[in-house]
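So the structure is just underneath, and the comments pick up after that.
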Amino acid sequence: MASEAMAAPWDRALDRELADPAPGAQRFEKMAAGGYLGEILRRAIVDLGRSTPLFRWAGSAMDTPWSLDTVRLSAVAEDESEDLSRTDEILRTLGVVSTPEERLAVRELARAVGGRAARLVAAGLYGTLTFIDPDLHGEHTVAVDGGVYGGYPGFAERVRDGVRELAGAERAGRVRLAYVKDSTSAGAAVIAAVAARRQP
């Protein structure tokens, strides 16, 4: 239910239109995972193009679902080049000729989409940790995997900032987020080792 309350119109539309995962399933993932962030940005741009003077890019690849991936979103979000030339290059690969004002708006939207994802991840981590340890008295290390955490500019810092905001500086100081590639496999190995040790 919480993910529904936090959902934007683009999230709800995306959820309705996907067959796998089915509508209503994995709502949190659809709002925060790398496989979806580029499409959320694309939908926001198209929607704003209908209601503002910006992004009048009808006929470009921007109208094609899933044409804007999260790798491009990340590159736009970290673009500090003069006149946002890197963003211009990326938009041109989609058949878009943009103004400096539009490029700046796209960059800010990309940062907002990524920032929201980081805060959602922080909230999910905090909820899980306080379920395990309600007062966060103990030290906790959380292995984190994923292309967005490791590749989106400033994502890890934003997640840590979100945990600090929710838990307070002292309690958040007892939570360590460790980026571990293929942490799913590592986690499975740890679980298997613990289970084997507990067997008589």
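The values are calculated or read from the model by the stated rules, or taken from the named source; none is laboratory data. None of these values were measured; they are calculated from a predicted model. Don't worry about glycine lacking a Cβ; one is built from the backbone with ideal geometry, like all the others, and counts go over all protein chains shown. Note: areas computed on protein heavy atoms with side chains; ligands, DNA, RNA excluded. Shrake-Rupley method; radii C 1.70, N 1.55, O 1.52, S 1.80 Å.
Points worth noting:
- Across the accessible surface of the stretch 1-144, with the other protein chains kept in place and a 1.4 Å probe, carbon and sulfur atoms take up 57 percent.
- When +1 charges are put on Lys and Arg Cβ atoms and -1 charges on Asp and Glu Cβ atoms, the dipole computed for the stretch 1-87 relative to its Cα centre reaches about 320 debye.
- Each residue of the stretch 66-81 was assigned a 3J(HN,Hα) from its phi angle through the Karplus expression (A = 6.51, B = -1.76, C = 1.60, θ = phi - 60°), giving 6, 6, 10, 9, 6, 5, 5, 4, 5, 5, 5, 4, 9, 6, 10, 6 Hz with x at Gly and Pro.
- Relative intensity, log₁₀ I(q)/I(0), of the stretch 1-113 from a Debye sum that treats every alpha carbon as a point, q = 0.11, 0.22, 0.23, 0.24 Å⁻¹: -0.35, -1.22, -1.30, -1.38
- Taking amide H as placed 1.01 Å from N in the peptide plane, the amide H of A143 sits under 5 Å from that of A178, each at least 5 places away or on another chain.
- Cα centroid of the stretch 109-155 to Cα centroid of the stretch 23-72, whole Å: 23 Å
- Ratio of Rg to Rh over the chain (Cα coordinates, Kirkwood Rh, two decimals): 1.04
- Calculated accessible area for the chain comes out at 56 Å² per residue, all protein chains present (probe 1.4 Å; ligands, DNA, RNA ignored).
- Rounded to the nearest whole Hz, the Karplus-based 3J(HN,Hα) values (6.51 cos²θ - 1.76 cosθ + 1.60, θ = phi - 60°) of the stretch 108-115 follow the sequence 5, 5, 4, 5, 5, 5, x, x, with x at glycine and proline.
- Selected from P100, A77, G34, residue furthest toward positive end of dipole (the stretch 31-154; charges at beta carbon): P100
- Simple Cβ-charge dipole of the chain, Lys/Arg +1 and Asp/Glu -1, about Cα centre, in debye nearest 20: 480 debye
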